[in-house]
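All remarks here apply to the structure that follows.
The values are calculated or read from the model by the stated rules, or taken from the named source; none is laboratory data. All of these numbers come straight from a predicted model, not from anything done at the bench. Cβ coordinates were reconstructed from backbone atoms using ideal geometry, including for glycine residues, and neighbour counts include every protein chain displayed.
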Amino acid sequence: MSAKKAAPAKKAVAKKVAAKKAVAGKAVAKKAAPAEKIAVKPPANESRTALVRRARRINRELAEVYPYAHPELDFENPFQLVVATVLSAQTTDLRVNQTTPALFAKYPTPEDLAAANPEEVEEILRPCGFFRAKTRSVIGLSKALAEDFGGEVPGRLEDLVKLPGVGRKTAFVVLGNAFGRPGITVDTHFQRLVRRWQWTGETDPDKIEAAVGALFPKSDWTDLSHHVIWHGRRICHARKPACGACPIAPLCPAYGEGETDPEKAKKLLKYEKGGFPGQRLKPPQAYLDAGGRPAPPLGAG
Ligand code: SF4
């Protein structure tokens, strides 16, 4: 960690706070004052209590920035969610949302998809990439659901991970969002961000899940996963994090890893254009504003 990162000059802190106001709008700007008091410092000697406090503060700040954070896959039941999650590997949620309506219109139940002609399914799934492997997975998991679980998606981790193409990450997405069971989704964004924030030094996803889970009450796990993943998709990118436009810069030991100039950083922000908020084409009622329009995403307009 450089001295610059360890003890930024007042000017740098002021820049970050200005960026925070610019990005997060009024609601977050109101919270800028307490954030100003926190100096960016390497958490090398950070106590466990201080780490827990900082981690929870980051989650609270992100909750303000992404109040509508939710899974960005369209689904109407657990079966649709598990299929959509499997399809989302190596592609965007928006692409999946554009593809699944045709799939579920033709094959609405696990039994229908289990009996499908693979070539016809491949044609529908082609835009999602890896469409042959994905076709095998979704037909395979539909067969397992139909034969072993009475056509219902099981609500237990140990059963879900037995389904073809379903690992712990997919299982937690399904448990957290279709069954309301708390789960931490350790995807590529989650791994990168928690490392940047020095929440844990672990690199194995299962160990990251355990280490981060210990910093938060279980009831926070699902929303925490959404907040972190949304932040990774929109601001804290893998190659060029937009540090100068990051609302949690004052809490981040990796500030400076990306662009710190607020104007240049603003240009790095990414928002999906397919559906608001986020990528969801059919946002649930809860995410719509009073006029029935989707609440605008952060920084839109
Ligand atoms: S690395 Fe930069 S963009 Fe990512 S959380 Fe830290 S300050 Fe924000």
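With respect to the stated conditions, Ala171 fails to be surrounded by 15 or more Cβ atoms within 10 Å (Cβ to Cβ), assigned to a helix (DSSP H, G or I) and over 18 Å from the mean Cα position of the chain (by Cα). Being of a type in the set (A, V, I, L, M) and farther than 22 Å from Lys169 by Cα is a property that holds for Val65.
In the stretch 242-252 there is no residue that is at positive phi and at pLDDT 90 or above.
Restricting Lys143, Lys169 to those that are in contact with a Ser or Thr (Cβ under 9 Å, 6 or more places away or on another chain) and either assigned by TED's automatic domain parsing to the domain that holds Val83 or modelled with pLDDT of 95 or more (or both) reduces the list to Lys169. Scanning the stretch 87-102 for residues that are surrounded by fewer than 22 Cβ atoms within 10 Å (Cβ to Cβ), of a type in the set (A, V, I, L, M, F, W, C) and not in a loop (DSSP other than H, G, I, E, B) turns up Leu94, Ala102.
Cys243 meets all of the listed conditions (1) crowded, with 21+ Cβ neighbours inside 10 Å; (2) under 25 Å from Val138 (Cα atoms); (3) not β-branched (Val, Ile, Thr) but one, namely (2).
Residue pairs whose Cβ atoms lie under 8 Å apart, sitting 6 or more positions apart in sequence or on different chains, and linking a residue in the stretch 236-251 that is outside the structural domain of Arg54 (by TED's automatic domain parsing) and farther than 16 Å from Glu61 by Cβ to a partner that is modelled with pLDDT under 95 and within 8 Å of the ligand (Cβ to nearest atom), do not occur here.
Any chance the stretch 241-251 includes a residue that's more than 8 Å from the ligand (Cβ to nearest atom) and over 23 Å from Tyr68 (Cβ atoms)? Looking through the stretch 241-251, at least one residue is more than 8 Å from the ligand (Cβ to nearest atom) and over 23 Å from Tyr68 (Cβ atoms). Any residue that is in contact with a helix residue (DSSP H, G or I) (Cβ under 6 Å, 6 or more places away or on another chain), assigned to a loop (DSSP other than H, G, I, E, B) and closer than 26 Å to Trp230 by Cβ - is there at least one of those in the stretch 146-160? Yes, the conditions are met somewhere in the stretch 146-160.
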